[in-house]
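**Student:** Input: one structure, supplied below.
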Amino acid sequence: MATALITGASSGIGAAFAQALAARGVRVILTARSTEKLQQLAQSLTTQFGVQAIALPLDLSEPGAADQLAAQVKALGQPIDWLINNAGFGDFGEFATRDLAKQRAMLNLNVVALTELTHHFLQPMLDRGQGQIINVASTAAFQPIPYLSLYAATKAFVLSFSEGLWVECQGRGVRVMALCPGPTATNFAAVAEFPSSLKMPNDIATPEAVVQEALQAIAQGKPNCVAGGLANQILVNASRFMPRSSLIQGIGKLFRSASTASEA
């Protein structure tokens, strides 16, 4: 039986990955900060699909947490066949005015923990000649996003890092892919403290749809998957058709207006 390690698994895209892989008969190891939600999900997956589901509550934004998680997983004695680095969050507003501790936690979670977990589990996959790693980036990875400046930069790292590993692992039985969803029906906007004046699209993607696109794409060996429909494909390719500076300024104007309206 294959085993998956899924971070940020208590809700949203992480929970949808857990559901989809458990439905395939994959044993799942779930981690997130929320102990109660995680344990409820693990019990539900075991009941529904008859697979082993293990909850390991942990805050991966804390220094050393990824090493701690890797040690706990290795102690279970189950090689990891799927690594889903999904945990991450954003923070809306002018970088200079935002809380530094929250920015540091974002870097630790979105970049450092993802990198460390990939390092812990990639080599064993290569040694066995099999495995899949999906690192969750964002459509924000393809261009700077004013008022989400650090978040977009962390996701640009995830995209670049994952695509580099995609090449390094070719022909060795291990697939690495960056998943780049656009707006998705999760609690991302609430955690990022988006202003209420910034409306989400009407046709926002569901986590389940994003996960199905991701699983199809990694099965095809793609280096990245821009999930969520045609609008997201247009967004990530916009810099090919207009000056990069104009694109960034346009995004900044939109978000600045939303921020100002929220403060009024």
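The values are calculated or read from the model by the stated rules, or taken from the named source; none is laboratory data. This is a predicted model, so every value here is computed, not measured. FYI the Cβ positions are ideal-geometry reconstructions off the backbone, even for glycines, and counts take in every protein chain you see. For accessibility, only protein heavy atoms count, side chains too; no ligands or nucleic acids. Shrake-Rupley method; radii C 1.70, N 1.55, O 1.52, S 1.80 Å.
Quick grid of which residues meet (1) charged (D, E, K, R); (2) closer than 19 Å to Leu114 by Cβ:
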{"position": "Glu163", "(1), (2)": "yes, yes"}
{"position": "Glu168", "(1), (2)": "yes, yes"}
{"position": "Ala178", "(1), (2)": "no, yes"}
{"position": "Asn187", "(1), (2)": "no, no"}
{"position": "Glu213", "(1), (2)": "yes, no"}
{"position": "Ile234", "(1), (2)": "no, no"}
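**Student:** Another question, then. Quick check: is even one residue across region 34-44 touching a Gly at 6+ places or on another chain (Cβ under 8 Å), at negative phi and open to solvent by less than 60 Å² (accessible area, probe 1.4 Å)?
**Tutor:** no
**Student:** Among the residues of region 87-124, which ones are farther than 16 Å from Ala192 by Cβ, crowded, with 24+ Cβ neighbours inside 10 Å and touching a strand residue (DSSP E or B) at 6+ places or on another chain (Cβ under 7 Å)?
**Tutor:** Leu114, Leu117
**Student:** Gly171 is checked against (1) without any contact (Cβ under 8 Å) to a residue 24 or more places away in the chain; (2) open to solvent by less than 30 Å² (accessible area, probe 1.4 Å); (3) over 21 Å from Gly14 (Cα atoms) and fails just one. What number does that condition carry?
**Tutor:** Going through (1) without any contact (Cβ under 8 Å) to a residue 24 or more places away in the chain; (2) open to solvent by less than 30 Å² (accessible area, probe 1.4 Å); (3) over 21 Å from Gly14 (Cα atoms) one by one, Gly171 breaks only (2).
Matching residues to (1) modelled with pLDDT under 95; (2) in contact with a Phe, Trp or Tyr (Cβ under 8 Å, 6 or more places away or on another chain):
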{"position": "Val211", "(1), (2)": "no, yes"}
{"position": "Ile218", "(1), (2)": "no, no"}
{"position": "Val236", "(1), (2)": "yes, yes"}
{"position": "Gly250", "(1), (2)": "yes, no"}
{"position": "Leu254", "(1), (2)": "yes, no"}
{"position": "Ser262", "(1), (2)": "yes, no"}
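**Student:** A further question on this structure: If a residue must be open to solvent by 80 Å² or more (accessible area, probe 1.4 Å) and either part of a loop (DSSP other than H, G, I, E, B) or farther than 30 Å from Gly171 by Cβ (or both), how many such residues does region 201-222 contain?
**Tutor:** Number satisfying all stated conditions: 5.
**Student:** Output the residues belonging to region 125-144 that are open to solvent by less than 20 Å² (accessible area, probe 1.4 Å) and either outside any helix (DSSP H, G or I) or among the polar types (S, T, N, Q) (or both).
**Tutor:** If we filter region 125-144 for residues that are open to solvent by less than 20 Å² (accessible area, probe 1.4 Å), which is where we start, we get 125, 131, 133-141, 143.
Selection gives Gly131, Ile133, Ile134, Asn135, Val136, Ala137, Ser138, Thr139, Gln143.
**Student:** Among the residues of region 173-190, which ones are part of a strand (DSSP E or B) and closer than 30 Å to Asp127 by Cα?
**Tutor:** Val174, Arg175, Val176, Met177, Ala178, Leu179, Cys180
**Student:** How about region 163-172: which of its residues are part of a helix (DSSP H, G or I) and of a type outside the set (Val, Ile, Thr)?
**Tutor:** Residues satisfying the conditions are Glu163, Gly164, Leu165, Trp166, Glu168.
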